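The values are calculated or read from the model by the stated rules, or taken from the named source; none is laboratory data. Quick caveat, the model's predicted, so the values are computed rather than measured. For neighbour counting, all protein chains shown are included, and Cβ atoms are generated from backbone atoms with ideal geometry for every residue, glycine included. Calculation scope for accessible area: heavy atoms of the full protein, side chains included, ligands and nucleic acids excluded. Shrake-Rupley method; radii C 1.70, N 1.55, O 1.52, S 1.80 Å.
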Amino acid sequence: MAMGLPIIASDLPYTRKILKEAGCGILVSPDKAKEYVDAAVYLLENPYKFKAFQESGFKVIESKYSWDNERKKLIELFNDLIKNTNKRVTNRE
């Protein structure tokens, strides 16, 4: 997404969640190579769809998966870990 390319990915729970939310690609059966090829050909033959997926991907990268958002999550995680560690140390004493 960050490279400005539509995504063609295996239809697995985690990738399905991300692509459905982002609206930036095509899901295919993980065990059917021809579906990957068909999806790529479809995108090459439909530049409007390619562009729509590209724009949707950029929007999601900027709004959800940007470093600013991820940094906040990481700081929260570290703060929670510190609090929980302090509680365990205090409870042992």
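Let me check something: with ligands and nucleic acids excluded, how do PHE78, PHE53, PHE58 order by accessible area (1.4 Å probe), largest to smallest?
The ordering from most to least exposed comes out as PHE78, PHE58, PHE53.
Taking the Cα centre of the chain as origin, work out the dipole magnitude from +1 charges on Lys and Arg Cβ and -1 charges on Asp and Glu Cβ, in debye rounded to 20.
Taking the Cα centre of the chain as origin, the dipole is about 420 debye.
With all protein chains present, how much of the accessible area of the chain (probe radius 1.4 Å) comes from carbon and sulfur, to the nearest whole percent?
60 percent
Among TYR36, LEU19, LEU5, pick out the residue whose Cα is farthest towards the positive end of the charge dipole of the chain, where Lys and Arg carry +1 and Asp and Glu carry -1 on C-beta, about the Cα centre.
It is LEU19.
Measure of size requested: the Rg and Dmax of segment 5-57, with Cα atoms as the atom set and Å as the unit; please supply both.
So, for segment 5-57, Rg and Dmax equal 10.5, 28 Å respectively.
Can you list residues from other chains, or at least 5 along the same chain, whose modelled amide H is less than 5 Å from the amide H of VAL28?
ALA9, SER10, ASP11
Once every DSSP H run of n ≥ 4 in the chain is given -39500 (n - 2.57) and the sum is divided by its residues, what mean residue ellipticity at 222 nm do you get, rounded to the nearest 500 deg cm²/dmol?
Calculated at 222 nm, the ellipticity per residue is -23500 deg cm²/dmol.
Which stretch or stretches of segment 1-18 have amide N atoms under 20 Å from the point lying 7 Å from GLU76's Cα along the Cα→Cβ direction?
17-18
Probe of 1.4 angstrom, ligands and nucleic acids ignored: what's the accessible area per residue over segment 11-93, in square angstrom?
Each residue of segment 11-93 exposes 79 Å² on average to a 1.4 Å probe.
Remind me, what semi-axes does the chain give for its equivalent ellipsoid, largest first in whole Å, using sqrt of 5 times each Cα gyration tensor eigenvalue?
Equivalent ellipsoid of the chain: 40, 17, 7 Å, largest first.
Between MET3 and GLU55, what is the label-to-label distance in nm when each label sits 7 Å out along the Cα-to-Cβ direction?
That separation, rounded to one decimal, is 2.3 nm.
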